[in-house]
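Rule-based calculations on the coordinates, nothing more; no lab input. For clarity, every value in this text was computed on a predicted model and none was experimentally measured. Every residue, glycine among them, receives a Cβ derived from its backbone with ideal geometry; neighbour counts consider all protein chains shown.
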Ligand SMILES: O=P(O)(O)OC[C@H]1O[C@@H](O)[C@H](O)[C@@H](O)[C@@H]1O
């Protein structure tokens with residue numbers, strides 16, 4: 001699939017122009033594991049793309065160390081040798097205290113200057129500079145304050161990793177601070193789910209197919225489930241995860257964005273403005289189901305167990321996982337959940353009365369990652385057909401990329417009996433990694449696949465109510481053994 005960024009004139013903002021990506025927090029795991037391989041996948045698709053990476057962090061790194069990391073990660077992402085060499089040769093690392101204005105000034109001057117080894121006369125001086133905050137929200141806020149005293153490059157874009165703020169008030173305060181630096185259309189709150197190939201498919205599926213467009217309403221849809229159940233456990237991320245938990249880590253940051261795409265009104269055009277407007281309106285209309293967090297949410301934590309997984313070739317293996325509270329770096333007193341579920345309603349004329357369940361968890365034995373639309377029963381089942389009539393469902397797989405339409409057909413050897421038939425499509429392999437897709441848009445100055453400030457605040461508004469009920473212990477903390485399925489009583493759409 002090609003990048004979704006629409007072509008624009010080369011000298012316009014929002015265009016495919018040479019860019020410098022300055023990564024704050026460059027020595028962190030995210031840069032090596034996701035950002036640089038994402039750029040690698042972008043270069044695999046567009047080998048001539050002009051991009052330069054400047055890594056910045058507090059630690060001193062030996063000469064050549066960052067370049068070597070860039071080379072390895074770009075290659076891992078699929079970039080060809082020529083592109084890897086070109087981008088790595090132009091990349092550099094600068095020891096930086098990003099909370100200090102003078103240090104940031106030096107960094108941004110380096111970003112605007114010609115790359116090492118480049119003929120200054122050839123330098124067009126018009127590179128777009130993207131400052132990527134691969135940092136926790138508290139540090140992001142400090143860096144933004146320090147930027148107030150820095151001379152910023154002409155067209156500076158800010159890209160900020162999730163979580164954006166730590167609650168609604170925090171997101172509002174951060175938005176206000178960011179607004180003092182650059183205009184909103186130069187701010188990109190990153191959610192890599194928006195670059196997932198089947199998440200992008202939701203747009204075409206909904207708005208380019210008459211047969212789905214017609215039934216995509218509460219008249220025909222009985223319920224919606226958006227789930228991302230993972231076999232991964234803590235994987236050494238306690239320092240981050242024990243403060244976040246499943247609700248903040250996944251539902252606040254990712255699944256609400258997917259829900260916004262599934263439930264938004266049809267935008268007149270697929271541009272960043274129309275898309276962001278439509279998504280924000282859906283989020284503004286979103287309420288907890290029944291208006292009560294104690295009945296609309298569930299939380300649980302894994303206990304010790306064995307998780308069975310299969311690799312790409314189908315080879316199965318087992319691993320034992322300790323109880324979450326016994327994992328290294330976890331503070332049991334914090335009461336962090338590893339499985340969370342919230343049921344919502346988009347209270348407008350399209351969706352009122354349709355429960356929309358968002359769920360995500362770690363260390364699960366059955367890894368359902370999907371959007372499921374369950375359709376209402378037909379108004380009248382002709383008598384003579386022998387029910388029960390199985391539920392019709394559209395299942396959009398989020399990873400791997402699949403699509404299934406489960407429809408009712410006649411049972412074999414029983415012309416009047418009913419059974420379910422599944423039409424399944426394995427979607428094309430996306431050539432871009434989700435981070436590559438999202439970064440491609442950001443480097444082009446296009447905000448279509450990133451989150452606008454008001455939408456980020458809405459996502460926190462929805463989750464804050466649940467977090468308050470959990471903090472007040474109004475919702476019990478349940479338990480599930482690692483490697484088990486989501487508890488039966490949670491009512492998952494598919495079993
Ligand atoms: O499956 P993906 O693309 O890695 O996305 C899921 C991950 O998304 C990240 O944002 C979360 O912090 C992780 O906890 C989660 O595992």
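List of remarks:
- Mean separation of Cα contacts under 8 Å (6+ apart) over length of the chain, as relative contact order %: 20 percent
- Multiplying the residue separation of residue 48 and residue 479 by 0.36 nm and removing their Cα-Cα distance gives an extension gain of 150.0 nm.
- Residue exposure proxy: 389, 191, 59, 464, ordered by other Cβ atoms within 10 angstrom of their Cβ from fewest to most, comes out as 59, 389, 464, 191.
- For the pair residue 177 and residue 212, a Förster radius of 45 Å applied to the C-beta separation gives a FRET efficiency near 0.65, rounded to the nearest 0.05.
- Between helix 101-112 and the chain there is an angle of about 90 degrees, using the helix long axis and the longest principal axis of the Cα atoms.
- Simple label model, 7 Å out from Cα along Cβ direction - residue 471 to residue 237, nm: 2.3 nm
- Fraction of alpha-carbon pairs over 33 Å apart in the chain - percent: 41 percent
- Crossing angle, helix 137-147 versus the chain [Cα axis fit, 0-90 degrees, rounded to tens]: 30 degrees
- Simple label model, 7 Å out from Cα along Cβ direction - residue 185 to residue 366, nm: 4.7 nm
- Nearest-ten-degree value, helix 272-284 long axis tilted from longest Cα axis of the chain: 50 degrees
- Sequence-distant contacts, meaning Cα pairs under 8 Å at least 6 residues apart, place the relative contact order of region 17-154 at 33 percent.
- A helix-only calculation puts the chain at -9000 deg cm²/dmol for mean residue ellipticity at 222 nm, using -39500 (n - 2.57) for each DSSP H run of at least four residues, averaged over all residues.
- Cα convex hull volume per residue for region 17-154 (Å³): 103 Å³
- Counting every other Cβ atom within 10 Å of each residue's Cβ, 74, 174 order from fewest to most as 174, 74.
- Chain lengthening between residue 352 and residue 407 when straightened (0.36 nm per residue, less Cα-Cα): 17.3 nm
- If R0 equals 60 Å, the separation of the Cβ atoms of residue 488 and residue 32 corresponds to a calculated FRET efficiency of about 0.90.
- Residue order, fewest to most surrounding Cβ atoms within 10 angstrom, among 279, 162: 162, 279
- Between residue 313 and residue 328, the modelled label-to-label distance comes to 2.9 nm, taking each label 7 Å out from Cα in the direction of the beta carbon.
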